[in-house]
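Just so it is clear, none of the values below were taken in a lab; they were calculated from the coordinates. What you see is a predicted model; the values in this text were computed from it and never measured. In this analysis, Cβ positions are derived from the backbone assuming ideal geometry, glycine residues included, and neighbour counts consider all displayed protein chains.
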Amino acid sequence: MSKNHYDYIICGGGASGLLLAYRMCKDPYFEKHSILLIEKDDKNINDRTWCFWESGKGDLEKMVHKTWNNAYFNADGFEMDFSLQPFQYKMIRSLDFYQSMKKKLTEFDQLTQIREKVTRIAENSVATEVKTYHGDLIFSSIFDPKKLYQQKRYPVLLQHFVGQVVETQNPCFDPDKIEFMNFNVPQKGNTRFMYVLPLSPNKALLEYTLFSAQLLERKEYVTAINDFLKTLPTGGYEVIEEEEGKIPMTCYRFDLINNSSLLHIGTAGGWTKPSTGYTFQRINEKSKELVDFLKKNKPLSHFGKRGRFWFYDLLFIDVLAKDNAHGADLFKRMFQKNSPETIFQFLDEKSSIVQEFQIMRSFNVRQFVKALWKRLF
Ligand SMILES: Cc1cc2nc3c(=O)[nH]c(=O)nc-3n(C[C@H](O)[C@H](O)[C@H](O)COP(=O)(O)OP(=O)(O)OC[C@H]3O[C@@H](n4cnc5c(N)ncnc54)[C@H](O)[C@@H]3O)c2cc1C
């Protein structure tokens with residue numbers, strides 16, 4: 001039976017909630033502390049496929065389902081095949097992650113996991129449909145977009161997509177090469193691209209993806225995937241799995257909804273990279289940082305700082321929100337004038353100022369100066 005008071009309460013047991021719980025449980029510092037993890041779902045379906053790039057073996061390596069060493073980029077008549085070295089592109093299926101995490105977490109006595117729906121989070125308490133729990137510190141990965149859409153200061157785009165795993169009659173994919181961004185699809189006034197993750201010569205996950213403010217009707221994504229497949233010698237295909245997503249791309253100050261005892265984590269905490277929508281690897285890294293931070297006993301509102309990358313993303317999103325058709329051109333300039341290694345380091349926020357200056361110079365400077373001017377004045 002669950003008790004009423006815990007040292008830490010984690011709301012939401014998805015990517016960030018499970019990783020945070022696991023990292024805390026593994027750290028001897030938290031051995032004598034009580035942790036409650038509240039999740040509303042069983043998490044027994046493969047509801048998403050996470051991909052990210054990483055150099056060398058990472059700490060979630062055992063869960064990795066597929067890796068790739070090469071990639072393809074296409075925008076506005078500029079095509080490029082490239083090696084991802086020193087990185088590899090990696091895929092983790094969410095079901096493997098949930099199952100592996102659940103199994104690992106049962107080993108820890110300090111953790112209680114419950115299947116309940118959170119209805120309210122207040123200072124030091126979390127109410128579910130069943131009862132109210134009290135906690136000294138609360139972490140929430142439950143994303144409530146209300147505040148995000150109530151404000152006007154920071155534009156909100158979405159990385160939205162439908163993904164289909166297809167099996168084709170003929171071999172038509174290169175199993176060691178992803179299509180990272182293929183903008184060679186009608187842009188229709190937005191930033192639209194195809195993202196292809198081959199699993200074998202006959203099988204791939206294709207995602208028709210937009211970086212834009214408005215969602216499409218489901219059939220529009222599906223038609224676009226179908227049109228794309230018509231350009232390949234598939235010999236016919238079958239859809240065997242499907243997923244969809246809408247990930248916020250914004251520089252909204254998520255930190256302002258935190259306080260000394262409540263911290264939003266994962267997508268709900270603004271851990272998504274605004275200019276790309278990539279989140280998973282950032283969750284992996286930030287959950288480690290958070291565990292170290294907790295040992296310092298500082299107010300939760302002090303966790304995480306906005307740096308220069310937040311500012312770059314701010315201008316990028318401003319430019320893309322103002323004219324949503326510019327995405328293909330922005331990414332084309334980036335890939336035409338910089339090495340893939342530098343680009344991935346930049347997107348990882350691990351580049352040097354010199355590399356960043358070089359990347360800035362790739363863009364149409366006037367667009368960015370205008371966006372900067374508007375921000376400043
Ligand atoms: C289909 C899809 C594919 C993606 N692919 C990638 C990718 O390739 N690479 C990448 O970097 N990012 C990707 N993302 C973005 C991001 O990595 C994921 O959304 C990731 O799961 C975010 O983790 P999270 O912990 O913030 O949210 P979630 O994993 O969504 O966890 C939130 C949890 O809270 C639970 N919850 C919600 N409401 C309540 C409630 N009231 N009470 C109790 N529990 C509740 C949910 O059931 C869920 O388990 C993808 C997202 C989607 C949707």
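Here the gap between E31 and S200, fully extended at 0.36 nm per residue and compared with their Cα-Cα distance, gives a gain of 56.5 nm.
Using alpha-carbon pairs under 8 Å, 6+ residues apart, how would you state the relative contact order of region 58-172 in percent?
Working: 81 pairs, mean separation 14.9, N = 115.
Computed value for region 58-172: 13 percent relative contact order.
Quick check: the distance between the Cα centres of region 217-287 and region 325-355, to the nearest angstrom? Result: 20 Å between the Cα centres.
So between D81 and K370, what do we pick up on full extension, going 0.36 nm a residue minus the alpha carbon distance?
Here the segment from D81 to K370 would lengthen by 100.7 nm.
With neighbours defined as other Cβ atoms within 10 Å of a residue's Cβ, the residues H160, H65, H5, H326 order from fewest to most as H5, H65, H326, H160. Shown here: region 151-288, whose C-alpha atoms stretch 58, 35, 21 Å along the first, second and third principal axes, sorted largest to smallest.
Each Lys and Arg Cβ is given +1 and each Asp and Glu Cβ -1; about its Cα centre, the chain then shows a dipole of about 1320 debye. Here the dipole of region 157-249 is about 320 debye; that uses its Cα centre as origin and unit charges on the Cβ of Lys and Arg (positive) and Asp and Glu (negative). Counting alpha carbon pairs within less than 8 Å and at least 6 residues apart, what relative contact order, in whole percent, applies to the chain? This gives 18 percent for the chain. For the chain, the C-alpha radius of gyration divided by 2.2 N^0.38 Å, with N the number of residues, is 1.02. Distance between the 7 Å Cα→Cβ label points at D255 and V239: 4.2 nm.
Among the listed pairs K102/K332; K66/K219; K3/K273, those with a Cα-Cα distance over 32 Å are K102/K332; K3/K273. Each Cα pair under 8 Å and six or more residues apart adds its separation to the average, and for region 20-101 the resulting relative contact order is 36 percent.
A simple spin-label model places pseudo-atoms 7 Å from Cα toward Cβ; at N4 and Q151 they are separated by 3.6 nm. Principal axis extents of the C-alpha atoms in region 308-376 (largest first, rounded to whole Å): 30, 23, 17. Loop-located GluC sites (Glu not before Pro) across region 1-85 with a Cβ neighbour count of 13 or fewer within 10 Å are E31, with loop assigned by DSSP. The Cα center of region 109-187 and the Cα center of region 302-319 differ in position by 20 Å. Peptides 82-95, 201-214 ranked from most to least packed give 201-214, 82-95, packing being the mean of other C-beta atoms within 10 angstrom over each peptide's residues. Cross-link pairs exceeding 22 Å in C-alpha to C-alpha distance, out of K26/K62; K188/K337; K57/K90, comprise K188/K337. Estimated purely from DSSP H runs of n ≥ 4, each contributing -39500 (n - 2.57), the mean residue ellipticity at 222 nm for the chain is -9000 deg cm²/dmol once divided by its residues.
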